[in-house]
1. When you go through A:295, A:318 one by one, which is the residue that is within 22 Å of the chain's Cα centre (by Cα), at pLDDT 95 or above and within 16 Å of RNA strand B (Cβ to nearest atom)?
2. Return the residues of segment A:142-158 that are farther than 23 Å from residue A:69 by Cβ, assigned to a loop (DSSP other than H, G, I, E, B) and near RNA strand B (Cβ under 8 Å from one of its atoms); say none if nothing qualifies.
3. Checking residue A:246 against (1) part of a helix (DSSP H, G or I); (2) touching a helix residue (DSSP H, G or I) at 6+ places or on another chain (Cβ under 9 Å); (3) under 29 Å from residue A:167 (Cβ atoms), which test does it fail?
4. Across segment A:216-243, what is the number of residues that are more than 27 Å from residue A:286 (Cα to Cα) and not in a loop (DSSP other than H, G, I, E, B)?
5. Checking residue A:211 against (1) more than 22 Å from the chain's Cα centre (by Cα); (2) exposed (fewer than 14 other Cβ atoms within 10 Å of the Cβ); (3) more than 25 Å from residue A:284 (Cα to Cα), which single condition isn't satisfied?
6. I'm trying to understand the selection: among the residues of segment A:454-494, which are surrounded by fewer than 16 Cβ atoms within 10 Å (Cβ to Cβ) and within 23 Å of residue A:279 (Cβ to Cβ)?
7. Among the helices (runs of 4 or more DSSP H) confined wholly to segment A:341-452, which include 3 or more residues that are surrounded by 14 or more Cβ atoms within 10 Å (Cβ to Cβ) and under 32 Å from the mean Cα position of the chain (by Cα)?
8. Yes or no: segment A:127-134 includes at least one residue that is buried (at least 17 other Cβ atoms within 10 Å of the Cβ) and part of a loop (DSSP other than H, G, I, E, B).
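The values are calculated or read from the model by the stated rules, or taken from the named source; none is laboratory data. Keep in mind the model is a prediction, meaning the values are calculated, not measured. Ideal geometry is used to build each Cβ from the backbone, glycine not excepted, and the neighbour counts take in all protein chains shown.
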RNA sequence: UCCCCGAUAGCUCAAUAGGUAGAGCGAGCGGCUGUUAACCGCUAGGUCCUAGGUUCGAGCCCUAGUCGGGGAGCCA
């Protein structure tokens, strides 16, 4: 039997099964509405029969023979209160098993709640237990847990209030990012995850190989990658920028949005070995255009998430960090301050502040310097631009002064650097000169150099770390807690 | 990778000057209650991270390691 025919039969069987055996949809005059908890909480249709399914967060019991269940299915911060009493068939038998973490299906009437705390509630008519959760063993308790502990049970932490909110916000943020670019006609480009180009030396790379690590042959003490799957040394990408430039200089404004990998041994609250990066790349944009886009971008995606997740954001502001909303409003409502690197250095040298590291023109700014500028001195986002050429990458366009390049960093309070970008060097001779200066072999970047050989145009772009924006939005302190499954040195469980 | 701090009950922590462990929450049982961080009472629960060492005696002191946290560097 061919695959499609088998599919058709299975599908028919499935439909038939649903129609004749699923009691929620059978032989009932009232319309039984299958609702998510979020829908039920917002519903104005008091009196309707509903069917809700989810996990019990807590149960409060009365010896009068009824119980209050707090039901959550991840669709919202709030729980749906369900009242179960002796009239519900089988309640007495399964009551003991209705523990925190167990999963149930409830049907009943949606009613206005007589008590404070919730607008509506469900009076159960049927109750079905899907799966139990042994109260002695289930790790999530009816109490607060440390984020460190929850990280050890990353498979269960999405069932908590905080992580439910985090991942709903992460979803809303991803959507807002796509909306921002799509509404402006940007093309979404899928840059490769496996690459054989050394990118721009953005960081140490993870190797991708099928070679036997023990038995592999060494030629002159070196691994012979011609035997490897790709016939040469391959790695996980550290950036999609170079590929982005290919599409920007052919199809126009574009962006990448995908996972990125850095094998740096970084142990901080702001770094991951695997993180998600957004990298727009625009032809005919100079650095000013680039900064303008970056600023609108930050402002608009934050605005959209605030509008999409009001309950979750209120939770973060109340329980995680009570300055979150004020910080976000400050970013949304104010223009970003633009400061050249040279101006920033002057401010830092004359401000009278004591720093652990000295400030001098020509060296990169330390975190303490950036923090001082964005948090203490100006108290708002800052875009620094025109950095010394010797501390920046080869692809950044050299300014007329010959000393600086058209690079820009967006710094925000609390998180620090959230965007790094530049106008790209479009002049072939200057690019080759810069590659030599940075010790790179142009032959390794032949296709990148080619873009300057054929129809070269001014162009610009930037990179934004999704998790850094998440830190900003949620007020969470550790980047490991804003990605579903964090990968850091010595940690890739789950 | 470097610097600092930590690891004790399921979780969060306490244990005075080295004298072989306590609380809160959670859990179980009972009481009370249209309850909602519920409340009141009782009960159970611990190779004090691992391996060495000092000592009559180590949760506590020493050494090494593992894991976790904070900061730095690298950056997104």
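1. Numbers: A:318 fails: at pLDDT 95 or above.
Answer to the selection: A:295.
2. The one that is farther than 23 Å from residue A:69 by Cβ, assigned to a loop (DSSP other than H, G, I, E, B) and near RNA strand B (Cβ under 8 Å from one of its atoms): A:146.
3. (3)
4. Pass one, segment A:216-243, residues more than 27 Å from residue A:286 (Cα to Cα): A:216-236.
Subset that is not in a loop (DSSP other than H, G, I, E, B): A:218-219, A:222-223, A:225-227, A:234-236.
Summing the residues that are more than 27 Å from residue A:286 (Cα to Cα) and not in a loop (DSSP other than H, G, I, E, B) in segment A:216-243 gives 10.
5. Result: residue A:211 fails condition (2) only.
6. A:454, A:455, A:457, A:484, A:485
7. Details: elements: A:341-350, A:367-371, A:428-437.
In segment A:341-452, the matching helices (runs of 4 or more DSSP H) lie at A:367-371.
8. Filtering segment A:127-134 for residues buried (at least 17 other Cβ atoms within 10 Å of the Cβ) gives A:127, A:133.
Still in the list and also part of a loop (DSSP other than H, G, I, E, B): A:133.
Yes, because at least one residue in segment A:127-134 is buried (at least 17 other Cβ atoms within 10 Å of the Cβ) and part of a loop (DSSP other than H, G, I, E, B).
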